[in-house]
Amino acid sequence: MSIIDIKNSVRNIPDYPKPGIQFKDITTAMRQPEIFKEIIDLLAAHFRERKIDYVVGIDARGFIFGGALAYKLGCGFVPVRKPGKLPADTIAEEYALEYGTDKLEIHKDALKAGDRVVIVDDLVAVGGTAGAAGNLVQKLGATIDSFAFVIELTELGGREKLQNTAEVYSLVRF
Ligand code: AMP
């Protein structure tokens, strides 16, 4: 099992959800037990020594990888969600997607000053989503150790956008 196997397990769907978008379908990776395990093991190996307090997972595929990573690191999991999903007091941040705009929320009491977090999503494209999650984390006073992704679409500039804020780590690049 290697990075190449992970990369080959991702299915490309042309023109979804709009013409011109090459959608990287990660469901074909995570349905294979050895591939899913390798993804989580590689992420955990990278972050094990870094004293992470919380994994912050982005709605929705960031929950799948972030949840498993938090379990493996023995730290807590904090969800960043689409509007109206979190039940207690929240703060919100608007952001631009590769295809459209959206908003993300986090519970006000989910993080505090001094907490060190890694922000996890399945994929980074232009970096608007992860950037918004990063702004939410920083508004709560917590420190971003890193942004972590299974897939990085290198030509869309997400790394360049995010790396002024924190380190960017990805497993496979297209
Ligand atoms: P961005 O904010 O442009 O970095 O977009 C990242 C978010 O949108 C992630 O949550 C991805 O799941 C999703 N996304 C954006 N572009 C793609 C793509 N080409 N294939 C799959 N998911 C994508």
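The values are calculated or read from the model by the stated rules, or taken from the named source; none is laboratory data. What you are looking at is a predicted structure, and each value in this text was computed from that prediction instead of being measured. Because the Cβ atoms are built from the backbone with ideal geometry, glycine has one as well, and the counts that use them run over all protein chains shown.
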* the range 152-170, subset among the aliphatic types (A, V, I, L, M) and either part of a loop (DSSP other than H, G, I, E, B) or without any contact (Cβ under 8 Å) to a residue 24 or more places away in the chain (or both), residue nearest to the ligand (Cβ to nearest atom) -> L153
* Criterion (in a helix (DSSP H, G or I), under 19 Å from the mean Cα position of the chain (by Cα) and surrounded by 13 or more Cβ atoms within 10 Å (Cβ to Cβ)) met by exactly one of F77, F47, F23 -> F47
* So which residues in the range 44-69 are of a type outside the set (D, E) and more than 16 Å from the ligand (Cβ to nearest atom), if there are any at all? -> A44, A45, H46, F47, R48, R50, K51, I52, Y54, A68
* Asked: Which one of these is of a type in the set (V, I, T), within 16 Å of the ligand (Cβ to nearest atom), within 25 Å of R11 (Cβ to Cβ) and not in a loop (DSSP other than H, G, I, E, B): T101, T129?
  -> T129
* To do: May I ask you to say which residue of P19, P14 is within 16 Å of the ligand (Cβ to nearest atom) and at pLDDT below 95?
  => P19
* Got a sec? Which of I106, I58, I35, I91 is more than 13 Å from L136 (Cβ to Cβ) and either in contact with a helix residue (DSSP H, G or I) (Cβ under 9 Å, 6 or more places away or on another chain) or surrounded by 15 or more Cβ atoms within 10 Å (Cβ to Cβ) (or both)? -> I35
